[in-house]
1. Using alpha carbon coordinates only, what is the Rg to Rh ratio of region 10-73, with Rh defined as the Kirkwood radius?
2. Which Cα, out of Leu52, Ala19, Phe73, lies furthest along the positive dipole direction of region 10-73 (beta carbon charges, K/R +1, D/E -1)?
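Quick note: the coordinates plus some simple rules give every number you see, no bench work behind them. The shown structure was predicted, so the numbers you read here are calculated from the model rather than taken from an experiment. With ideal geometry, Cβ positions are generated from the backbone for all residues, glycine too; neighbour counts draw on all protein chains shown.
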Amino acid sequence: MRIPLSEFMSTPTELHAFAEGISETLCPWPPRYQLTGKLLDDLHGEHHYYTLGRSAGVPVLLLFVYIIKRLFFGG
């Protein structure tokens, strides 16, 4: 089954799940708030976008580390 590209991350819930995934990779400390209720249900329904966000966050984190190393340590 093919899904049109226009459906990819087309709802706020999907975008939020992706942003949560990237944020948890870039900021690895424990979350300040626990997700409960409807928000938690929405994110579980869009778990594939959350996983994609975590996967996208790893290269972004490595890029940040590389830039900081070049700027401050001349490496």
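1. Looking at region 10-73, the ratio lands at 1.09.
2. Farthest towards the positive end: Phe73.
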